[in-house]
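To start, the structure under review is shown below, and the notes come after it.
Where a number appears in this text, it was derived from the coordinates with a stated rule and is not lab data. Treat the numbers as computed from the prediction; the structure is a model and nothing was measured. Because the Cβ atoms are built from the backbone with ideal geometry, glycine has one as well, and the counts that use them run over all protein chains shown.
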Amino acid sequence: MIATPSRREILHYAGAGTAAAMLPAGAFAAATDPWRRARDIAARVRPPTFRSRTFDIVRHGARGDGRTLCTAAIASAIDACAKAGGGRVLVPAGRFLTGAVHLRSNVELHLADDATLAFSTDPADYPMVFTRWEGIELINYSPFVYAHGQSNIALTGRGTLDGQADAQNWWSWKGKWGGTIDHGWREGMPDQRKARAILFQMAENGVPVEKRRFGDGHYLRPAFVQPYACENVLIEGVRLINSPFWNIHPVLCRNIVLRGVRVEGHGPNNDGCDPESVDHMLIEGCTFDTGDDCIAVNSGRNADGRRLATPSQNILIRNCHMKEGHGGVVVGSQISGAARWVFAEKCRMDSPDLWYAIRFKNNALRGGLLENFHYRDLDVGEVGRAAIACDFNYEEGADGPFKPQLRNIVVERLRARKAVRVIDSQGLPGAPVEGITLRDCAFDGVTEKSIVRHTSGLRLERVRINGRAVDRLETV
């Protein structure tokens, strides 16, 4: 099933349009190459540019000895740059210890090749700000690199951002966790679970965001890099390691480029990139080696997602490498505000600890309409559970009044060398997954039958499993 295009979309993609505008509902979308839209996203998304002036943080008092706290010096350089009309704030070679870094409009924070920003492990170095945590707005610790309501901002260079999270710092706040590494938590230690439940209930009760105050004593870990309600954002070249929580989390942003970034971290909830309620985003040439989903598209959780009602849309992912993680390209589960028009091409995914190449997560407490997902030319080496998963039983599953909807998924030229099973698609009674097309795909190393429940419109076109051409899947 394909969404009906708006008149504006019809005119844009047809070029002129009396005839196109008169087409029956859905007919034009069905006849139009969806990858033309992907090319349009690539053409429209443009990185910001900056004035050719440089503000070296050392000149503002920063010391790259790894011990001196440089938060004020970095803030001074950013402030001077912004007041001068913008430019580059340079982090030169050295290891600079810092608390929260807040970007401002028209400022590029650039890390030189041998530069490291090492983020303090003291929560007091992260002031309370307006943020979003697991899809819900609140007042909490500042993300390590943060911007709110800014335009034309960038984080660039070949240097490293080290969150310094480990079993002694931040990670234990997760509480009980099924990960493979020791994250430091032991029975009886404080953790996030109580605060998380309170936050979720506040959102359901409609408590104003300014009264959802957490921070000290609540153990909700901050994100690593979070531009919030920003426009024209560039994150390029940098390496992120040892995040306390989600790594790159653009929220309610428009026109975002994430290019050539390396994300490494296997702590709890160390998602690589979580675009949330964004419009027009390009993710290309990145490497994700994470303790959770590599890329997870979100749009708000439960009542908060429905309150803001802002979908994630027009996202193009290409030429990326997904290593360890729960899923390569994932949609959900904080997805109540909807998601549509997500494209992924020419990506490589390979690890026995990568659970799924393509994954959708939703349930009847989230709801939300998910539609129009197009993936092609994916090189999948090994995945631990299935090549493709559509899961409406995630967390609360059927326990909720909001119907999840997922439709129009097209996967072309996916090659999997060791897939365990081809697909695990489980909708709910009365809420089926609709319209999955697998075209020109090959799945080898398949040892388990597929799981297909409450799923309609599954089509196989020129598909091979373990070297044999098939027109339908063997299912349990």
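A few remarks follow.
- Ordering of 406-417, 79-90 by packing [mean C-beta count within 10 Å, highest first]: 406-417, 79-90
- Neighbour counting of Cβ atoms within 10 Å sorts the residues 243, 142, 456, 151, fewest neighbours leading, into 456, 151, 142, 243.
- Membrane-span-like helices in the chain (whole DSSP H runs, Cα extent of at least 15 Å along the helix axis, mean Kyte-Doolittle hydropathy of at least -0.5): 71-83, 193-204.
- Efficiency of FRET between residue 124 and residue 189 - r from beta-carbon atoms, R0 25 angstrom, step 0.05: 0.80
- Annotation note: GluC sites (Glu not before Pro) in segment 419-476 located in DSSP loop regions with a Cβ neighbour count of at most 14 within 10 Å are 448, 474.
- Counting lysine pairs in the chain that sit 8 or more residues apart in sequence, or on different chains, and whose Cα atoms lie under 24 Å apart gives 17.
- In a DSSP loop and with at most 14 other Cβ atoms within 10 Å, the trypsin sites (Lys or Arg not before Pro) in segment 445-476 are 449, 462, 472.
- The 3J(HN,Hα) values that the Karplus relation (6.51, -1.76, 1.60; θ = phi - 60°) gives for segment 392-398 are, in residue order, 8, 9, 5, 6, 5, x, 7 Hz. Gly and Pro appear as x.
- Alpha-carbon centroids, segment 425-476 and segment 347-424: separation in whole Å: 12
- Using C-alpha pairs under 8 Å with a sequence gap of at least 6, the mean separation divided by the residue count of the chain gives a relative contact order of 9 percent.
- As a calculated quantity, the FRET efficiency between residue 456 and residue 39 at R0 = 30 Å, using C-beta atoms, amounts to about 0.50.
- Spread over its residues, the convex hull of the C-alpha atoms of segment 147-245 is 133 Å³ per residue.
- When you filter the GluC sites (Glu not before Pro) in segment 104-196 for DSSP loop state and at most 12 other Cβ atoms inside 10 Å of their Cβ, you are left with 187.
- Under 16 Å from a label point set 7 Å out along the Cα-to-Cβ vector of residue 53, the amide N atoms of segment 83-101 belong to 83-90.
- Taking amide H as placed 1.01 Å from N in the peptide plane, residue 452 has its amide H under 5 Å from the amide H of 425, 476, each at least 5 places away in sequence or on another chain.
- Each residue of segment 465-470 was assigned a 3J(HN,Hα) from its phi angle through the Karplus expression (A = 6.51, B = -1.76, C = 1.60, θ = phi - 60°), giving 10, 6, x, 10, 5, 9 Hz with x at Gly and Pro.
- Note on the chain: helix-only mean residue ellipticity at 222 nm, from DSSP H runs of 4+ residues weighted -39500 (n - 2.57) and normalised by residue number, equals -3500 deg cm²/dmol.
- Applying the Karplus relation 6.51 cos²θ - 1.76 cosθ + 1.60 with θ = phi - 60° to segment 365-376 yields 3J(HN,Hα) values of 8, 7, x, x, 9, 10, 8, 6, 10, 10, 10, 8 Hz, where x marks Gly and Pro.
- A cut-off of 5 Å between modelled amide H atoms, ignoring neighbours fewer than 5 places along the same chain, links residue 166 with 171.
- Dividing the Cα radius of gyration of the chain by its Kirkwood radius returns 0.97 for Rg/Rh.
- For residue 155, nonlocal amide neighbours, meaning residues 5 or more places apart or on other chains whose placed amide H falls under 5 Å from its own, are 109, 234, 235, 236.
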